[in-house]
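**Q** Take a look at this one; I'll ask things after.
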Amino acid sequence: MSWHPQYRSSKFRHVYGKAASKEKCYDCVPITRNVHDNHFCAVNPHFIAVVTECVGGGAFLVVPIHQTGKLDPHYPKICGHKGNVLDIKWNPFNDFVIASCSEDATVKIWDIPKHLLTRNITSPKNELLGHVRRVGLIEWHPTANNILFSSGYDYKIMIWNLDTMNAVILNPVKILDAHNDVVLSMSFNTDGSLLATACRDRKIRLIDPRAGTVLQEASYKSHRVNKVLFLGNMKKLFSTGTSRWNNRQIALWDQNDLSVPLLEEDLDGSSGLLFPFYDSDTHMLYVVGKGDGNIRYYEISPEKPYLNYLMEYHSHLPQKGVGVMPKRGLEVSACEIFRFYKLIPTKSLIEPISMIVPRRSESYQADIYPLTTGAQPALTAQEWLDGVNKGPLLVSLRPGSGAVNSLPQFLEPEPLIKTTDLSQHQERGGRMPLKGMQKPSKIEDSRKQLKVEEKFPKNEQMCLSNGFDVFECPPPKTESELLQMFYRQQEEIRRLREVVNQRDIQIKQLGLELRNLRMRTGSY
């Protein structure tokens, strides 16, 4: 493979990886020693969950994302499984619900309290009993609420509808029986209408999950696949595996023709698995090696050569697994476009690694933060089961632009008239038309709403930068922390200016309404 491709223009050509400082890592975490090929870590903007080593059954930890440093050895665990936990995944539409699967052949759904854990959690919200052998993989549907896929060593993929009041669910809504061996990987396309799987029989399958039919099947003998991944709306699949000579290998496929890969390249001779991650917003692909400390990253293009090598992050500390922060939890003021949480069992350490685009400007960089997947489902579970397809609901990451977390939303203010329009009406001295204006009762309601919003901001990120309180922060110790503090203060100043402008508009509206009322009473 050529590591020095011809020059090409790209805004992500100089992306670099930055490891967090020691005080921002998670230390003394008893990371599992299980050899199962999974991430063993799941992250959202509120919590980091990691599978731990324990005696007698399986357990995992759920730690608040900002509780860094040394972990208390007696920190409470989620420990309701009777066998080792093999996979954990956060609900993409509820940051306080997590699913886990285990060697005890069960899948369990857990409610995580908003406050700090004070004791072990042993009773799940739901228990899914359908598999007869251990369950190795779970995946949430990307756009439908409460739809969960599970794959077990009984060679079956089961689809579960969690929109039920039953604590124990015995029957899945659908069973996909299209594999002759253990499923090693599952991946959805953007709207969740297609499922790609990698199986131990070395085949990649493209499946319609609701019909249960195999649409495409790849059995390319020179590529033994381990992991497969949909590349957003590119209509392409990416897979990692090994070649005939046991070299680590990557391959790119056309989802409409899986007979021969579009691209096939050997990386190195290491034996560890390769975990692929794709960012559909930036079209960047990250390949993380298990057992080594490297993270390779590429840029995907729709035409040849398809895969453009950018850079490689090197570390001497090998990773056993890795978690990924959703885009809505990134630090946009630092131009962070991706964040990994690297599990280092030799040091009992979890190390965050930020992928950063170097920029000098302090303002929000809209070109590297397009609209991204939000935390609200596009479909209900029943709508998806009935055959409806919808893409994910998109949100902006611009601070203060809208809700980008999965917490309940507060009251929204009434739509306001533009300041320029108000000033024009004042200059003319005429009567302000009541059409499009708020009635006095609505004005009073909006004033009350404004008071409520002053206490409880509509968007938590307006006062919190990724949950970090700008008013109760420790003094900066380094130059980078000082810059981050400066950016946060600038955002707070901007927010306060917006509040002042809203108040000015409210005052002008009330003045115009009073003037119209006086003129109306005078005409009678």
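The values are calculated or read from the model by the stated rules, or taken from the named source; none is laboratory data. Please read these numbers as outputs of a predicted model, since none were measured by experiment. All Cβ positions, glycine included, derive from the backbone under ideal geometry; neighbour counts span all protein chains shown. All accessible areas refer to the heavy atoms of the entire protein, side chains included, with ligands and DNA or RNA removed. Shrake-Rupley method; radii C 1.70, N 1.55, O 1.52, S 1.80 Å.
**Q** Sorting Met158, Met234, Met519 by accessible area (1.4 Å probe), largest first, what list results?
**A** The ranking, largest first, comes out as Met519, Met234, Met158.
**Q** Another one. Rank by packing, highest mean first: peptides 255-265, 178-188, with packing defined as the count of other Cβ atoms within 10 Å averaged across residues.
**A** Sorting 255-265, 178-188 by mean packing, highest first, produces 178-188, 255-265.
**Q** How compact and how long is segment 263-371, expressed as Rg and Dmax of its alpha-carbon atoms in Å?
**A** 14.9, 44
**Q** Might you work out the accessible area of Lys18 for me, using a 1.4 Å probe with all protein chains in place, and round it to the nearest 10 Å²?
**A** 90
**Q** Near Glu312, within a Cβ-to-Cβ distance under 15 Å, what is the net charge of the other residues, with Lys and Arg +1 and Asp and Glu -1?
**A** Net of charged neighbours comes to +1.
**Q** Given a 1.4 Å probe and heavy atoms of the protein chains only, how would you sort Leu274, Leu496, largest accessible area at the top? Working shown, then result.
**A** On the way: Leu274 5, Leu496 85 Å².
If we order Leu274, Leu496 from most to least accessible, we get Leu496, Leu274.
**Q** Follow-up question, since we're still on this one. When the Cα centres of segment 33-72 and segment 135-204 are compared, how far apart do they sit, in Å?
**A** A separation of 23 Å, based on Cα centres.
**Q** Moving on to the next point. Quick one: if you take sqrt(5λ) for each eigenvalue of the C-alpha gyration tensor of segment 81-179, what semi-axes come out, biggest first, whole angstrom?
**A** Here the semi-axes work out to 22, 16, 12 Å.
**Q** Please give the net charge around Leu263, taking every other residue with its beta carbon less than 13 angstrom from that of Leu263, where Lys and Arg add +1 and Asp and Glu add -1.
**A** Result for the local shell: -3.
**Q** Along its three principal axes, how long is segment 95-250 when you only count alpha carbons? Whole Å, largest extent first please.
**A** For segment 95-250, the Cα spread along each principal axis is 51, 32, 32 Å.
**Q** What is the percent carbon and sulfur in the accessible area of segment 16-373, measuring with a 1.4 Å probe over the protein chains and ignoring ligands?
**A** Carbon and sulfur atoms account for 49 percent of the accessible area of segment 16-373.
**Q** Here is a further query. Take every Cα-Cα distance within segment 156-241, group them into 5 Å bins from 0 onward, and report for each bin the whole-number percent of pairs it holds.
**A** P(r) for segment 156-241, in whole percents per bin: 3, 14, 24, 23, 16, 10, 6, 3, 1, 0.
**Q** Also, quick follow-up: Just need log10 I(q)/I(0) for segment 1-124 at q = 0.12, 0.20, 0.21 Å⁻¹, Debye formula, equal scatterers on the alpha-carbon atoms, no solvent, rounded to two decimals.
**A** Log10 of I(q)/I(0), two decimals: -0.53, -1.12, -1.23.
**Q** Cβ under 13 Å from Gly212's Cβ, Gly212 left aside: what net charge do those residues give with Lys, Arg +1 and Asp, Glu -1?
**A** Working: positive: Lys156, Lys174, Arg205, Arg210; negative: Asp177, Asp208.
Counting the neighbours of Gly212, the net charge comes to +2.
**Q** Give the accessible surface of segment 16-373 per residue, rounded to a whole number of Å², with probe radius 1.4 Å and ligands, DNA and RNA excluded. Intermediate results must be reported in sequence, preceding the final value.
**A** Working: 13880 Å² over 358 residues.
On a per-residue basis, segment 16-373 sits at 39 Å².
**Q** Which value, in Å to one decimal place, does the Kirkwood hydrodynamic radius take for segment 16-373 when every pair of different Cα atoms is included?
**A** Evaluated over segment 16-373, this radius sits at 20.9 Å.
**Q** Calculate the length of the line joining the C-alpha centroid of segment 270-309 to that of segment 229-247, in whole Å.
**A** Here the answer is 10 Å between Cα centres.
**Q** Suppose accessible area is computed on protein heavy atoms with a 1.4 Å probe; arrange Arg205, Arg494 from highest to lowest.
**A** Correct descending sequence by accessible area is Arg494, Arg205.
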